[in-house]
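**Q** Dumping the structure here so I can ask a few things about it.
The values are calculated or read from the model by the stated rules, or taken from the named source; none is laboratory data. None of these values were measured; they are calculated from a predicted model. Quick reminder, even Gly has a Cβ in these numbers, built from the backbone with ideal geometry, and neighbours come from all protein chains shown. The protein model used for the area step is the full one, side chains on, heavy atoms only, and it has no ligands, DNA or RNA in it. Shrake-Rupley method; radii C 1.70, N 1.55, O 1.52, S 1.80 Å.
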Amino acid sequence: MSRPPGRKQENHKISRELFVLTYGALVAQLCKDYEKDEDVNTCLDRMGYGIGVRLIDDFLARSAVKKCRSYSETADVIAQVAFKMYLGVTPSVSCSSAAGNEFSLILDKNPLVDFVEELPAERASLCYCNLLCGVIRGALEMVQLAAEVTFLQDRLKGDAVTEIGITFLRKAEDRKHKRNK
């Protein structure tokens, strides 16, 4: 029995929509469970970290990317390969420091908020998509890159774009010297 053409794309869209709706239900439940937005943000980051720790193996196996030689190359791989592979979007990347260890991923469209118009006024400090920060941080840590990942701008809070900041905490030279000793 053969499948009708275009069926796989339809299943992918249904799966994505199901994921987005399920994520929304998860955030709503966490908001009921925790009074403070900071607690919800921490929980989402922790969950994302656990996902990132496991997702990196799948990413490396499926993408066949080579070892990145710089933080800039790492940020580009996150944006152009990982985001495209798992979320179907490609954020733009900009370096925001002279040291070359701070980058911004700028999303014109964030698929996790497809069904969310705005945050309620009482949840103004909620980082709705904080799961993404944890995923990135967890995945980077598994490839021996310590990083701080935070939301810098969020469309749900009235900003023009959604911007995720990545700050690599160790310089590439520090890692090279440690290996040579």
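**Q** What is the magnitude of the charge dipole of the range 57-96 about its Cα centre, with +1 placed on the Cβ of each Lys and Arg, -1 on the Cβ of each Asp and Glu, and no other charges, expressed in debye to the nearest 20?
**A** Roughly 120 debye for the range 57-96.
**Q** Just to confirm my numbers, what's the Cα centroid distance between the range 129-172 and the range 73-118 in Å?
**A** 9
**Q** Something else now. Contact order normalised by length for the range 83-160, with contacts defined as Cα pairs under 8 Å and 6 or more residues apart; what percent is it?
**A** Answer for the range 83-160 is 20 percent.
**Q** Given a 1.4 Å probe and heavy atoms of the protein chains only, how would you sort Arg123, Arg155, Arg16, largest accessible area at the top?
**A** Working: Arg123 30, Arg155 115, Arg16 85 Å².
The ranking, largest first, comes out as Arg155, Arg16, Arg123.
**Q** At 1.4 Å probe size, what's the solvent-accessible area of Ile106? Round to the nearest 10 Å².
**A** Using a 1.4 Å probe on the heavy atoms, I get roughly 40 Å².
**Q** In addition: For Lys67, go through the aspartates and glutamates and keep the ones whose alpha-carbon is under 13 Å away, minus same-chain ones fewer than eight residues off.
**A** Asp76
**Q** Suppose accessible area is computed on protein heavy atoms with a 1.4 Å probe; arrange Leu119, Leu105, Leu26, Leu21 from highest to lowest.
**A** Ranked from most to least accessible, the order is Leu21, Leu26, Leu119, Leu105.
**Q** Sticking with this structure for a sec: Evaluate the distance, in nm, between pseudo-label points positioned 7 Å from the Cα of Ala160 and of Lys66 along their respective Cα→Cβ axes.
**A** My value for the distance between the label points is 3.7 nm.
**Q** Moving to a separate point now. Calculated FRET efficiency, Asp58 and Glu117, Cβ-Cβ r, R0 25 Å, to nearest 0.05?
**A** 0.20
**Q** Determine the equivalent ellipsoid of the chain by diagonalising the alpha-carbon gyration tensor, then write out the semi-axes as square roots of 5 times the eigenvalues, largest first, rounded to whole Å.
**A** So the equivalent ellipsoid measures 28, 23, 15 Å along its semi-axes.
**Q** May I pose another question? Would you mind checking the range 134-160 for residues with the amide N under 19 Å from a putative spin-label position 7 Å along Cα→C-beta of Asp39?
**A** Of the residues in the range 134-160, none has backbone N under 19 Å from the label point off Asp39.
**Q** Something else: Report the calculated FRET efficiency for Gln80 and Leu21 (r = Cβ-Cβ distance, R0 = 25 Å), to the nearest 0.05.
**A** Plugging the Cβ-Cβ distance into 1/(1 + (r/R0)^6) gives 0.40.
**Q** Would you mind classifying the range 82-136 by shape? Square roots of the alpha carbon gyration tensor eigenvalues, ordered a ≥ b ≥ c; an a/c under 1.5 is rounded, otherwise it is prolate if a/b is larger than b/c and oblate if not. Spell out each step's value before the answer.
**A** Details: a/c = 2.30, a/b = 1.46, b/c = 1.57.
It is oblate, given that a/c is not under 1.5 and a/b is not larger than b/c.
**Q** Something else now. Filter the chymotrypsin sites (Phe, Trp or Tyr not before Pro) in the range 75-116 to those in DSSP coil with at most 15 other Cβ atoms within 10 Å of their Cβ, and list the result.
**A** Filter output for the range 75-116: Phe115.
**Q** Using the Cα centre of the chain as the reference point, and only Cβ charges (+1 on K/R, -1 on D/E), how large is the resulting charge dipole? Debye, rounded to the nearest 20.
**A** 1200
**Q** Show me the helices of the chain, taken as full DSSP H stretches, that run 18 Å or more along their long axis by Cα and average -0.5 or above in Kyte-Doolittle hydropathy.
**A** Taking the DSSP H segments of the chain (at least 18 Å long, mean hydropathy at least -0.5), we get 7-33, 37-63, 130-142.
**Q** Using a Debye calculation, one point per C-alpha and no hydration shell, please list log10 I(q)/I(0) for the range 31-136 at q = 0.10 Å⁻¹ in order.
**A** -0.34
**Q** In the chain, carbon and sulfur make up what percent of the accessible area (probe 1.4 Å)?
**A** Details: 5910 of 11210 Å².
The value for the chain is 53 percent carbon and sulfur by accessible area.
**Q** Too long at a 29 Å Cα-Cα cut-off: which of Lys32/Lys157; Lys32/Lys84; Lys36/Lys84; Lys36/Lys109? Spell out each step's value before the answer.
**A** Details: Lys32/Lys157 20 Å; Lys32/Lys84 32 Å; Lys36/Lys84 32 Å; Lys36/Lys109 27 Å.
Among Lys32/Lys157; Lys32/Lys84; Lys36/Lys84; Lys36/Lys109, the Cα-Cα distance tops 29 Å for Lys32/Lys84; Lys36/Lys84.
**Q** How much net charge surrounds Gly134 when only other residues with a Cβ under 13 Å from its Cβ are counted (Lys, Arg +1; Asp, Glu -1)?
**A** Around Gly134, the surrounding residues sum to 0.
**Q** Also, quick follow-up: Enumerate the amide H contacts of Ala147 below 5 Å, restricted to partners 5 or more residues apart or on another chain; note that Pro and chain-start residues carry no placed amide H.
**A** Counting only residues 5 or more places away or on other chains, the set is Leu169.
**Q** What's the local net charge at Gly52, with K and R +1, D and E -1, over the other residues with C-beta under 9 Å away?
**A** Result for the local shell: +1.
**Q** If you take the charge dipole of the chain about its Cα centre, with +1 on Lys and Arg Cβ and -1 on Asp and Glu Cβ, which of Tyr34, Ser104, Met85 is farthest toward its positive end?
**A** Met85
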